[in-house]
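Worksheet: the structure to be examined is printed underneath.
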Amino acid sequence: MNPSIINPYYDRLPGSYLFSTIAKKIAEYESAHKNADIIRLGIGDVTSPLIPEVIDAMHKAVNEMALKQSFRGYGPEQGYDFLREAIVRGEYAPRGIDVASDEIFVSDGSKCDVANIQELFAADVKIAIPDPVYPVCLDSNVMAGRTGSLDQVGLFEGVTYLAANAQNNFQPELPQNPVQLIYLCSPNNPTGTVLTRETLQKFVDYANRNGALILFDGAYNCYIRDDALPHSIFEIEGARTCAIEFRSFSKTAGFTGIRCAYTVIPKDLAKLHSMWNRRQTTKFNGVSYVTQRAAEAIYTEEGWRQTNEVIDGYMATAALIRSELTAAGYTVFGGEHAPYIWWKLPDGEKSFDFFDRLLARCEVVGTPGSGFGPMGEGYFRLTAFGDHERTKIALKRIKERL
Ligand code: MLT
């Protein structure tokens with residue numbers, strides 16, 4: 001094969017995707033330490049089983065598929081109306097947010113949607129991304145050739161980084177260079193901090209003033225405990241003319257292995273709404289009927305109660321991590337409205353070095369902050385999605401052995 005037929009931009013990316021690198025390191029450790037008892041607080045994968053309401057709905061849907069009169073083949077690429085309407089009723093209407101069911105596109109994951117959305121934009125649009133942030137936002141644009149090369153500091157040329165750190169209370173400033181696409185993520189992965197209404201309003205006003213678009217990753221919104229904090233970009237005045245929102249059942253309802261999410265594109269952005277519809281109908285055949293019935297089930301009264309019980313459980317683990325690390329003298333952020341704790345490493349230790357030290361001394365896995373961007377260097381992310389009792393053991397090991 002002639003190498004010139006290859007997309008050259010993939011070579012601009014670091015060797016492997018962050019969580020693949022981590023998985024490889026764990027596998028290497030395990031093969032060298034046969035009796036290892038590793039506690040995984042790295043990738044944000046849920047550990048609680050699906051709630052009974054969801055399981056019942058899935059069983060029922062499977063039974064429907066077994067009968068000729070209720071069997072379903074291809075569903076609508078945009079999602080079944082029953083789920084799109086349930087999302088409006090369960091997520092947006094109670095907060096008085098103006099989102100209609102035909103503005104919701106159901107998909108098999110926010111990761112895919114966040115990565116795929118950039119296809120709708122010109123190759124030379126300038127992007128702004130928070131630093132640190134979920135790596136998919138940046139990597140997908142690198143793959144599309146929308147950035148220059150990686151410099152020595154770890155920054156991609158041509159990208160505007162929106163620093164979010166303790167100095168600015170994790171509220172990034174507006175971009176200093178002209179940009180057309182702005183990624184925002186709140187509650188933020190990895191810092192576990194939340195953008196305030198004032199910050200979001202500032203970005204929405206900027207976007208509307210400058211003809212820019214905000215791509216808002218709200219995958220963790222259900223962990224927000226304080227109703228004064230915005231759950232959705234569409235709570236912000238003016239957002240319907242400048243924002244797209246991504247949400248997921250993965251972290252809300254433990255669907256990481258089931259796969260269901262949705263993206264909201266307001267009809268005020270008519271061109272993008274129609275382009276995404278064109279894209280999905282061309283490249284995607286929808287989420288399975290059984291999965292969509294499962295997702296719908298979290299919005300019954302009992303489903304919502306059970307869902308929130310699980311979320312409360314994860315938040316109790318987040319509170320435990322925060323309090324134990326703080327009591328041990330560490331500085332931590334996040335974890336109050338998000339399932340992630342952002343741990344400041346002592347003495348400026350590099351986050352990948354710390355990963356190795358933590359694994360070797362405590363057999364605990366977390367995620368090195370620098371994997372989320374240069375501002376993440378010197379930090380480490382722990383997830384509250386692990387089993388509560390195992391997390392207690394991890395914290396005990398950290399206190400005793402680190
Ligand atoms: C994470 O650990 O950051 C998440 O699990 C990644 C994801 O949701 O794809």
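A short reminder: the numbers here are calculations on the coordinates, not readings from a lab. Everything quoted here is computed from the prediction, not taken from an experiment. Positions of Cβ are generated from backbone atoms using ideal geometry, with glycine treated the same way; all protein chains shown enter the neighbour counts.
Points to keep in mind about this one:
- Cα-centred dipole magnitude for segment 53-300, charges only on beta-carbon of K, R (+1) and D, E (-1), debye, nearest 20: 520
- The chain, helix-only ellipticity at 222 nm - DSSP H runs n ≥ 4, -39,500 (n - 2.57), divided by all residues, nearest 500: -11500 deg cm²/dmol
- Within segment 176-261, the GluC sites (Glu not before Pro) that combine a DSSP coil assignment with at most 16 other C-beta atoms in a 10 angstrom radius are GLU237.
- The modelled label-to-label distance between GLN180 and ARG401, using points 7 Å beyond Cα along the C-beta direction, is 5.2 nm.
- Here the Karplus curve 6.51 cos²θ - 1.76 cosθ + 1.60, taken at θ = phi - 60°, turns the phi angles of segment 255-261 into couplings of 8, 4, x, 8, 6, 7, 8 Hz, with x standing for Gly and Pro.
- Spin-label pair ASP124/THR326, simplified geometry with 7 Å Cα→Cβ offset, distance in nm: 5.1
- Calculated FRET efficiency, ASP98 to ASN35, Cβ-Cβ distance, R0 = 51 Å: about 0.35 to the nearest 0.05.
- Around the amide H of TYR379, modelled in the peptide plane, lie the amide H atoms of LEU345, SER351, GLY369, SER370, all under 5 Å away and 5 or more residues distant in sequence or on another chain.
- ARG12/ASP356 FRET efficiency (R0 35 Å; Cβ-Cβ; nearest 0.05): 0.85
- Rounded to 5, percent antiparallel among DSSP beta bridges of the chain: 55
- Cα shape, the chain, gyration tensor, a/c 1.5 rule: rounded
- Note on LYS60: aspartates and glutamates with a C-alpha under 16 Å away, same-chain residues under 8 apart excluded, are GLU296.
- For LEU213, the amide hydrogen comes within under 5 Å of the amide hydrogens of LEU181, ILE182, counting only partners 5 or more places away or on other chains and with H modelled in the peptide plane.
- Taking amide H atoms as placed 1.01 Å from N in the peptide plane, the amide H of ALA163 lies under 5 Å from those of ASP131, GLU173, each 5 or more residues away in sequence or on another chain.
- Rounded to whole numbers, the Karplus 3J(HN,Hα) couplings from phi for segment 144-153 are 8, x, 8, 10, x, 7, 7, 8, 5, 7 Hz, using 6.51 cos²θ - 1.76 cosθ + 1.60 with θ = phi - 60°, and x at Gly and Pro.
- Treating r as the C-beta distance of LYS271 and ARG390 and R0 as 51 Å, the FRET efficiency rounds to 0.55.
- Cβ-based charge dipole, the chain, positive-most Cα from ALA86, SER110, ILE22: ILE22
- Cα centroids of segment 44-92 and segment 291-307: 9 Å apart.
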